[in-house]
Amino acid sequence: MGQKKRILVIDDEVNICELLSLEFTDLGYEVSTANSAFNGLLSLKKQAVDLVILDIKMPGMDGIEALEKIISTQNNLPVIIHSAYSHFKENYLTWSATSYVIKSGNLTELKQTVQDILNP
Amino acid sequence: MIYQEVLFQNLDKILNVWMIIDSDYKIVHWSQPAKQQFGFNEDEINNQSFSVLLPEFVTEELFFENLLDSNQSVTSLINQSAKLKQKNNIIIDVEFSIFKLTHEDKILLLLSLDNITEEVELQQLVNSKMKQLNERFHQMNDDQLDQTIYDIFGAVLVSITAGQGLQFNRAFLLYIDQKSESLKGIQAIGPGSGEEAGKIYQEFDQTPKTLTEMITHYQNLKYQKDFLVNEMVQQINVKLDDYEHILIQPLVTQKYIIVNDNSLNVNDPSVIWLRQLLSVSECIIIPMIWHGRSIGVIIADNQVTRRPITNLDIKKLTRFTKTAVNVIESVRLLIKLEESITNVKKANLQIRESQAILVQKEKLAAMGELVAHMAHEVRGPLAIIGGFARRVFNQTATRSKHYDSLKRIVETVDTLELVINDILSSSVPEKVDQGRCDSSKVINRVIALMEEEILKREISVNVNLQGNLPNINIKEHHLFEIISNLVKNSVEAIDKNGLLIILANYVKEKIIFTIQDTGPGFPSTEIEKIFSPFYTTKKDGTGLGLVVVKKLVEKNGGSIEVTSVPTKGTTFKITFSEHYSE
């Protein structure tokens, strides 16, 4: 295995950031977190990543707006939307995301999706 | 004798329009008003034939019926109506009576009449309105007679038999039943036998004399249903197409008939049948006419007293029948109106009930939304609890004393998540508020937004929107996204100096948008690729515009087609069905 793949988690809920950080680090990824969309975009400018896990409902800039900004600058960067809400799937603005995973205590689906994208 | 002379001198004031006609139908005397009525002057009236007053196709024989027939006992025609002609050929409606006068061996006819033209015209006006009303309510059990109607029938019959003026012994009412196309006996009043006659007249004698009181009394008679005459009349049922029948003839001719020993048709089977049935030698049959339409007949006779029916009787009865018919039919119409009002009220009540149900449903829907919202809100924290629990659990050895506790936490969170999923999938479908969208408005908005860009690039735009485009079942911002993406693509493809065509047409319940440009186009091999993400020919494009367009079109039940010719240009065609709904 060469260099570790980098994942950026953007979620205003610190517990989620913490949990995903622990879990994906265990799986061998390098994980950074941001607790707002704004900080996430800032972090992306400083350091390139291989995948973004993005929450939608966040105070200030929401995930949908962040997604647009991410794609307009790096349109090949995979983004997984990770939300407790399913109805944002109806919003076409989320369709440009690579995948949409609903939040759950069971991280199997999210892990599988990340694996599929980064290690196909 | 002097009084008679005075009377004769003033006869014009009493009878007004009258004339005397001889047995050759020559008018031998005109009253002054008669001359004026028909427009003849002194010189023209001498020995004038009555035919000058008759409209085409009406003969004197027809007009005077059998009055001059010496075998006939009929000596008068009372309150009849007909059309006559004035000198200036204007036809007028008249109500007339004719009396046969005999002087020595000469027969003369006295005709007196009233001009009722205006009345008839007014009647016709009322007719058509009434007919409309009647037709409108016709479907509502027309053949079922209300108890109110029976009471009115009773009142009519009481008036004919027991009234101050009419005083016939018996009266029978027969009505046309449209369903069975026959004339049916409905109700009758009068003694069925001599004994009963005594009983009834005794009772009527003891009762007060006003009509209303008599009617109330009649209604209270406990044996009213048992009147023999009622049984008798209810046996009568004559088909309407039996034109020769004595009971049908008055319906056809709309003239009364007197049946007695001297009748011309005394040997007619139906006449024999009727006289036997009523066991009477003389009776009068009067048609009931409602705005020109025959609706039944009244039969009246003097079976008990055997008093002959006089001209005066006929005059009173014909007038009375007119009024009675008016009352009966008005009440019938009122009953129908009442019924329809009841129905409308019922319908109103139903509407209100269903409105209440709707409100209830909306409340439930609002509650459902609330529940859904809460479920979503719970899902986030639950993911954290479950995530950390599972993490710890995965790292705990089976022999650890915490293993079992952690397992329980993980399992319970899993169950809770399933419960939430259940709630969300069953309670409320996420609200999709489709709107009826005015596509012309959207297109115009897109063009307005792009105007600057279009001018800058010197692009000619040809917009052609068919008038009266139906609205489409799509959210406005969805349609806006579709159109603006395609227009933006085209404008960028043209770059400079080209033509952009935007069409909207409505064909066979489908709305078709065409967006065509004179840009560089692309080879047909590329067509499949253009809708895949990140395909772009532009330097700084994201390649997502067309992906979004396609998804939005399909989501709203439409289809998208593209044709392109390299160096000539590209055409997008989007089709929506008018009636599509999710």
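All of the numbers you see were taken from the coordinates with simple rules; none came from a lab. Because the structure is predicted, anything quoted here is derived from the model rather than measured. Glycine gets a Cβ as well: all are built from the backbone with ideal geometry, and neighbour counts include every protein chain shown.
Please give the charge dipole size of chain A, origin at the Cα centre, charges +1 on K and R Cβ atoms and -1 on D and E Cβ atoms. Round to the nearest 20 debye.
Values: 10 positive and 15 negative charges, 68 e Å.
Using Cβ point charges on Lys, Arg, Asp and Glu, chain A gives about 320 debye.
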- Message: Quick check: pseudo-label points 7 Å beyond the Cα along Cα→Cβ at A:Q3 and B:D12, how many nm apart are they?
- Response: 13.3
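Using C-alpha positions alone, give me the convex hull volume of the stretch B:1-132 per residue in cubic angstrom. Don't jump to the answer; show the numbers that get you there.
Numbers: hull volume 19.5 nm³, N = 132.
That works out to 147 Å³ per residue.
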- Message: Give me the inter-chain shielding for A:67-77: mean count of other chain Cβ atoms within 10 Å, whole number please.
- Response: 2
- Within 10 Å of each Cβ in peptide A:97-108, how many partner chain Cβ atoms are there on average? Round it to a whole number, please. 5
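Count the DSSP beta bridges whose two residues both fall in the protein assembly as shown, then state the antiparallel fraction as a percent rounded to the nearest 5. Display every interim value, and only then the final one.
Values: 80 of 102 bridges.
About 80 percent, rounded to the nearest 5.
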- Just order B:312-320, B:60-68 by mean Cβ neighbour count inside 10 Å, highest at the front, would you? B:312-320, B:60-68
- Sorted peptide list for B:17-25, B:457-465, B:171-179, criterion being average Cβ within 10 angstrom, highest first: B:171-179, B:17-25, B:457-465
- Message: What do you get for the angle between helix B:403-426 and the principal long axis of chain B? Use alpha-carbon atoms, 0 to 90 degrees, nearest ten.
- Response: 40
- Nearest 10 degrees, 0 to 90: what angle lies between the long axis of helix B:211-220 and the longest principal axis of chain B (Cα atoms)? 70
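Using a/c under 1.5 as the rounded threshold, could you call the protein assembly as shown rounded, prolate or oblate? The axes a ≥ b ≥ c are square roots of the C-alpha gyration tensor eigenvalues, and prolate needs a/b larger than b/c, oblate otherwise.
Values: a/c = 5.57, a/b = 2.68, b/c = 2.08.
Verdict is prolate for the protein assembly as shown.
May I ask you to derive the relative contact order of chain A, considering only C-alpha pairs under 8 Å and at least 6 residues apart, and to give it as an integer percent?
Averaging sequence separation for qualifying contacts and normalising by length gives 21 percent for chain A.
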- Message: How much of the DSSP bridge set in chain B is antiparallel, in percent, rounded to the nearest 5?
- Response: 95
- Given the C-alpha centroids of the stretch B:477-513 and the stretch A:25-99, what is the distance between them in whole angstrom? 32
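Mind checking the mean number of beta-carbon atoms from other chains within 10 Å of the Cβ atoms in A:15-26?
That works out to 3 on average.
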- Query: Could you work out the helix-only [θ] at 222 nm for chain B, with each DSSP H run of four or more residues adding -39,500 (n - 2.57) and the total divided by the number of residues, to the nearest 500 deg cm²/dmol?
  - Reply: -15000 deg cm²/dmol
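When Lys and Arg each count +1 and Asp and Glu each count -1, what net charge do the other residues less than 13 Å away from B:I91, Cβ to Cβ, add up to?
Working: positive: B:K83, B:K85, B:K87; negative: B:E56, B:D93, B:E121.
Local net charge: 0.
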- Message: My understanding is that a pair violates if its Cα-Cα distance is over 24 Å; which of B:K13/B:K315; B:K87/B:K129; B:K529/B:K550 do that in this structure?
- Response: B:K87/B:K129
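Can you tell me, using C-alpha contacts under 8 Å and at least 6 residues apart, the relative contact order of chain B as a whole percent?
Numbers: 824 pairs, mean separation 42.9, N = 582.
Averaging sequence separation for qualifying contacts and normalising by length gives 7 percent for chain B.
Calculate how many DSSP beta bridges within the stretch B:436-577 are antiparallel, expressed in % of all such bridges and rounded to the nearest 5.
Roughly 80 percent of the DSSP beta bridges within the stretch B:436-577 come out antiparallel.
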- Straight-line reach from B:K363: which lysines have a Cα under 22 Å away, not including same-chain ones fewer than 8 places off? B:K431
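What does the convex hull of the alpha-carbon atoms of the stretch B:436-577 project to on average, in nm²?
Details: hull surface 31.9 nm².
Mean orientational projected area (the stretch B:436-577, Cα hull): 8.0 nm².
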- Where a Cα-Cα gap under 21 Å defines reach, which lysines qualify for B:K456, not counting those fewer than 8 residues away within the same chain? B:K488, B:K496, B:K538, B:K539
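On a 28 Å Cα-Cα criterion, which of the cross-link pairs B:K184/B:K255; A:K89/B:K573; B:K26/B:K322 come out too long? The partial results should precede the final answer.
Numbers: B:K184/B:K255 19 Å; A:K89/B:K573 26 Å; B:K26/B:K322 33 Å.
Pairs exceeding the cut-off: B:K26/B:K322.
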- Query: Over the Cα atoms of the stretch B:346-426, what Rg and Dmax result, in angstrom?
  - Reply: 21.6, 75
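Rounded to the nearest 500 deg cm²/dmol, what is the calculated helix-only ellipticity per residue at 222 nm for chain A, with -39500 (n - 2.57) per DSSP H run of length n ≥ 4? Spell out each step's value before the answer.
Values: 4 runs with 45 residues, N = 120.
Rounded to the nearest 500, it is -11500 deg cm²/dmol.
Within 10 Å of each residue's Cβ, count the other Cβ atoms and sort B:H245, B:H29 from fewest upward.
Working: B:H245 21, B:H29 13.
In order of increasing Cβ crowding within 10 Å: B:H29, B:H245.
Grab the eigenvalues of the alpha-carbon gyration tensor for the stretch B:446-515, scale each by 5, take roots, and send me the semi-axes largest first in whole angstrom.
Working: eigenvalues 113, 36, 18 Å².
Result for the stretch B:446-515: semi-axes of 24, 13, 9 Å.
Pairs of alpha-carbon atoms within less than 8 angstrom and 6+ residues apart define the contacts here; what relative contact order does the stretch A:50-120 have, in percent? Before the final figure, lay out the partial values.
Values: 80 pairs, mean separation 21.2, N = 71.
That works out to 30 percent.
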- Cα centroid of the stretch B:13-55 to Cα centroid of the stretch B:72-121, whole Å: 11
- Message: Can you tell me which aspartates and glutamates have their Cα less than 14 Å from the Cα of B:K85? Leave out same-chain residues fewer than eight positions away.
- Response: B:E56, B:E60, B:D93, B:E95, B:D114
- Based on the Cα coordinates of chain B, what is the per residue volume of their convex hull in Å³? 373
- q = 0.11, 0.20, 0.21 Å⁻¹: log10 I(q)/I(0) that the Debye formula gives for chain A, counting C-alpha atoms only: -0.31, -1.13, -1.27
